[in-house]
Amino acid sequence: MRDTRESRLLLVLLIAIAFALITVDIRGGEGSPVDGARRAAAAVFGPVENGVAAAVDPVGNAIGAVRDSGARHNRIAELEQQNAALKTKLGSDDQNRSRVRELDKMLKKSAAGQYGIKAAEVIAIGAAQGFSWTVTIDAGSNDGIKRDMTVINGDGLVGRVTTVGPDIATVLLANDPDFTVGTRMEKTDELGFATGQGSQPLSVQFLNGKAKVKKGDRLVTFGSSRDKPFVPGVPVGEVVRVDPSNGGLTRTVYVRPFVGFTKLDIVGVVVQAPREDPRDMVLPKQPAKPAKPKPTPTVTVTISPNGDIVDTEGNVLGNINESPDPSESPDPSGSPDPSAGPGATPNTGNTADEQE
């Protein structure tokens, strides 16, 4: 439409008419004269409005979702943090229960051997100290720890203290190749020396090359002079293999240590040795072996041609042709069994059954 004087006058006229209709509609209230026209317009343009609204609603929902996504994301993040905290708590509870069990087992070991111990926690492994098998514990000279003290846990011998700082100490583990400890065999008291072999079983050489050693035998520490570096009676391990001496003065025995050196956590440093050698008292009790079943005796009997029943030792137990004593017959009259055929010997079958 061109911008002319007539078009401008038409626009002003339409605006004036619109304002006039609005004024009349407001003043008329519910009885407005334009109400009929409004209903007619609604009937015509209502479907169009619904279609437009259906097309626009998903966009509006998306806009609302974007607007609310910040609050939802914060809620999800909060729930994830709560779940992570719960998992951490559950994990720590399991770990605490495991450590309590280890500490309880170690205290029972120390009580059985009358060892005075200082509990400590393994805080590092010895990778930085070369290829040796060592661990670092969180106890040092301030806790009364000294060099060449025995270290144990709830299973047995862990190692010995080699270096001590104010708050930490280094422990050389019993499976280190530079580790050697005197041992004594359970019950037989055979003496030997156990040497570490890393991840392999300990190698033990007995002083007596003819000592009777078998798989399953157990060893404890023999002890050292003035109880340093080893106190007596600490469980070392169990024999898993015995090599022949091959004419040598000693024989080599391989012992699986009781301690798992790759999963150390709570240990105890023996700060006070026992007054007396506990010997085998610290070793756990072995389960009783099931008794072997006794064979059931059997008796074999044979029948000789003359009818005698003879056992394996040649004793005659009876004769199948003998008639039983009438007084022992189940029939009070002692008469023969009427069901037997002619010429049959009375109760012959019963006698044979009784002899068998």
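Taking 19 Å as the cut-off for C-alpha to C-alpha distance, list the pairs among K105/K263; K108/K214; K187/K214; K105/K146 that go past it. The partial results should precede the final answer.
Values: K105/K263 15 Å; K108/K214 28 Å; K187/K214 13 Å; K105/K146 24 Å.
Pairs exceeding the cut-off: K108/K214; K105/K146.
In nm, give the distance between the simple-model label positions of R226 and I17, each being 7 Å from the Cα along the Cα-to-Cβ direction.
Simple spin-label model gives 12.3 nm for this pair.
With no solvent and one equal point scatterer per Cα, compute the Debye intensity ratio I(q)/I(0) for the range 161-205 at 0.31 Å⁻¹ and report its log10, rounded to two decimals.
Debye curve over Cα of the range 161-205, log10 I(q)/I(0) at q = 0.31 Å⁻¹: -1.01.
What percentage of all Cα-Cα pairs in the range 88-225 are separated by more than 17 Å? Don't jump to the answer; show the numbers that get you there.
Values: 6271 of 9453 pairs.
In whole percent, the long-distance tail amounts to 66.
For K292 and Q200, compute 0.36 nm times the residue count separating them, minus their Cα-Cα distance, and round to one decimal in nm.
Working: separation 92, 0.36 × 92 = 33.12 nm, distance 3.45 nm.
Here the segment from K292 to Q200 would lengthen by 29.7 nm.
With no solvent and one point on each alpha carbon, what is the Debye value of log10 I(q)/I(0) for the range 198-267 at q = 0.28 Å⁻¹?
-1.24
Roughly what % of Cα-Cα distances in the range 152-257 sit above 24 Å, to the whole percent?
Beyond 24 Å sits 22 percent of the P(r) for the range 152-257.
No value in this document is a laboratory result; all are computed from the given coordinates. Because the structure is predicted, anything quoted here is derived from the model rather than measured. Note that each Cβ is placed from the backbone with ideal geometry, even for glycine, and that neighbours are counted across all protein chains shown.
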